[in-house]
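In what follows, a structure is listed as structure tokens, so that the remarks can point back to it.
The values are calculated or read from the model by the stated rules, or taken from the named source; none is laboratory data. These figures come from a predicted structure and were not determined experimentally. All Cβ positions, glycine included, derive from the backbone under ideal geometry; neighbour counts span all protein chains shown.
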Amino acid sequence: MTALRIFSYLPNPRIMKATIAARLCGIDVEIRGDKPKNLVDWLWDFEAHKLSDNDHKRVDVIAQPSHTGFNKTLYKTENFLKAHPFGTVPAAFSPSGETGIFESNSILRAVARAGKEKCSLYGEDLYESSRIDSFLDVSLVFARQSQVYLLALSQNECNEVVHKETANALNNYLTGMNRALSGGSDGLVNNKLSIADICFVCEICQISRERAHIEKLNKLNLELIYNRKILNRSFEHAMRHFDNLCDRQEFSLEIAPLMDRLSRIADQAHGTALKD
Ligand SMILES: N[C@@H](CCC(=O)N[C@@H](CS)C(=O)NCC(=O)O)C(=O)O
């Protein structure tokens, strides 16, 4: 049986947290969604689907301007907003659709809980689970800043201040992660794989999406924050852990196509800049 249904734009490193955990635990999650720009043409609901003429006549469909990221009107049902009071994606639902689970880290926790018989990813006792929570929380603090930066880039509103704050946030995040990994290389918590590691990998993928905007950064005379040469030197343990996990099949299935595409964009822009 499907443990969760998730609606989101795709590909989305936030949703990969859940799908990687699901593969590791051998459980089923159902994914519904579309490219980011197409989600404005969807009805946001447990039964999410492409908007039809009929949906526009429904009295339970609320048309609202997007508050984060879409820059257009979004169509959400009353039930969607009951289940997801902040109205965001990724949006997960229990199999009946009654319970909404929001925030990608909480969706990740839900998958780990659903799959715990097959694979323990969320700690063996209350202390281990709580330490995993600590890493998830610190990741969310960093994720908020990287979201501000990526949205600023996509809306052509990036400036030196946002760029600097994001570089500092990544520096702070990786300083802690690197220290936590200096004693062992298999996992952030007690040297074994947990959802803290899955979340970490996906947050690094997320910030690396700045590469899709490399030409804008070049025009603003701003450097890439996700600069592997610099990061490898300063955060050796953290970046090695990231690479090792990205090589695992449960991760690479979704992460490799995204990261390869971003590398190609960055290489192409670099080539163009050298020619200029
Ligand atoms: N911290 C949240 C971020 C979710 C979020 O902000 N999603 C935005 C898209 S990037 C959204 O759904 N916006 C809906 C709207 O603007 O109405 C998570 O990790 O799930």
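Which residues, taken from the stretch 65-99, are more than 12 Å from the ligand (Cβ to nearest atom), under 21 Å from the mean Cα position of the chain (by Cα) and under 13 Å from ASP45 (Cβ atoms)?
ALA83, PHE93
With PHE142, PHE135 as the choices, which residue is under 30 Å from ASN221 (Cα atoms), crowded, with 16+ Cβ neighbours inside 10 Å and touching a residue at least 12 places away in the same chain (Cβ under 8 Å)?
After ruling out the rest, the residue left standing is PHE142.
Does PRO11 satisfy being near the ligand (Cβ under 9 Å from one of its atoms), within 21 Å of CYS199 (Cα to Cα) and not assigned by TED's automatic domain parsing to the domain that holds SER208?
no
Here's the yes/no breakdown for (1) in contact with a Gly (Cβ under 9 Å, 6 or more places away or on another chain); (2) of a type in the set (Val, Ile, Thr):
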position: TYR9; (1), (2): yes, no
position: LEU24; (1), (2): yes, no
position: ILE27; (1), (2): yes, yes
position: ASN54; (1), (2): no, no
position: LEU81; (1), (2): yes, no
position: GLY97; (1), (2): no, no
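For the stretch 152-210, what are the residues that are β-branched (Val, Ile, Thr) and either under 22 Å from THR68 (Cα atoms) or not in a helix (DSSP H, G or I) (or both)?
Hits for the stretch 152-210 are VAL161, VAL162, THR166, VAL189, ILE204, ILE207.
Have a look at LEU231, LEU245, LEU217 and point out the one that is in a helix (DSSP H, G or I), within 19 Å of the chain's Cα centre (by Cα) and surrounded by 13 or more Cβ atoms within 10 Å (Cβ to Cβ).
LEU245
Among residues belonging to the stretch 147-178 that are closer than 24 Å to ASP243 by Cα and within 13 Å of the ligand (Cβ to nearest atom), point out the one that is surrounded by the fewest Cβ atoms within 10 Å (Cβ to Cβ).
The residue in question is GLN147.
For the stretch 23-64, give me each residue that is part of a helix (DSSP H, G or I), more than 11 Å from the ligand (Cβ to nearest atom) and either touching a Pro at 6+ places or on another chain (Cβ under 9 Å) or not charged (D, E, K, R) (or both).
Those that are part of a helix (DSSP H, G or I), more than 11 Å from the ligand (Cβ to nearest atom) and either touching a Pro at 6+ places or on another chain (Cβ under 9 Å) or not charged (D, E, K, R) (or both): LEU24, CYS25, ASN38, ASN54, HIS56.
Just the residues that are in contact with a helix residue (DSSP H, G or I) (Cβ under 7 Å, 6 or more places away or on another chain) and aliphatic (A, V, I, L, M), please, taken from the stretch 64-88.
Listed by number, the list holds a single entry, LEU74.
Checking SER194 against (1) hydroxyl-bearing (Ser, Thr, Tyr); (2) surrounded by 19 or more Cβ atoms within 10 Å (Cβ to Cβ); (3) within 16 Å of the ligand (Cβ to nearest atom), only one condition comes out false. Which one?
Answer for SER194: the failing condition is (3).
Tell me, yes or no, whether the stretch 174-182 has at least one residue that is within 27 Å of GLU254 (Cβ to Cβ) and out of contact with any helix residue (DSSP H, G or I) (no Cβ under 8 Å at 6 or more places or on another chain).
no
Under 6 Å by Cβ, and 6 or more places apart or on different chains, what pairs join a residue from the stretch 28-41 that is aliphatic (A, V, I, L, M) with one that is surrounded by fewer than 17 Cβ atoms within 10 Å (Cβ to Cβ) and in a strand (DSSP E or B)?
Once the first residue is aliphatic (A, V, I, L, M) and sits in the stretch 28-41, no partner that is surrounded by fewer than 17 Cβ atoms within 10 Å (Cβ to Cβ) and in a strand (DSSP E or B) comes close enough.
Name the pairs whose Cβ atoms lie under 7 Å apart, with the first residue in the stretch 192-215 and under 17 Å from ALA180 (Cβ atoms), the second of a type in the set (Asp, Glu), and 6 or more positions between them or separate chains?
LYS192/ASP186; LEU193/ASP186
Could you please find all residues in the stretch 126-146 being among the small types (Gly, Ala, Ser) and within 16 Å of the ligand (Cβ to nearest atom)?
Matches in the stretch 126-146: SER139, ALA143, SER146.
Looking at the stretch 108-125, is at least one residue surrounded by 12 or more Cβ atoms within 10 Å (Cβ to Cβ), within 10 Å of the ligand (Cβ to nearest atom) and assigned to a helix (DSSP H, G or I)?
Yes; the residues of the stretch 108-125 include at least one that is surrounded by 12 or more Cβ atoms within 10 Å (Cβ to Cβ), within 10 Å of the ligand (Cβ to nearest atom) and assigned to a helix (DSSP H, G or I).
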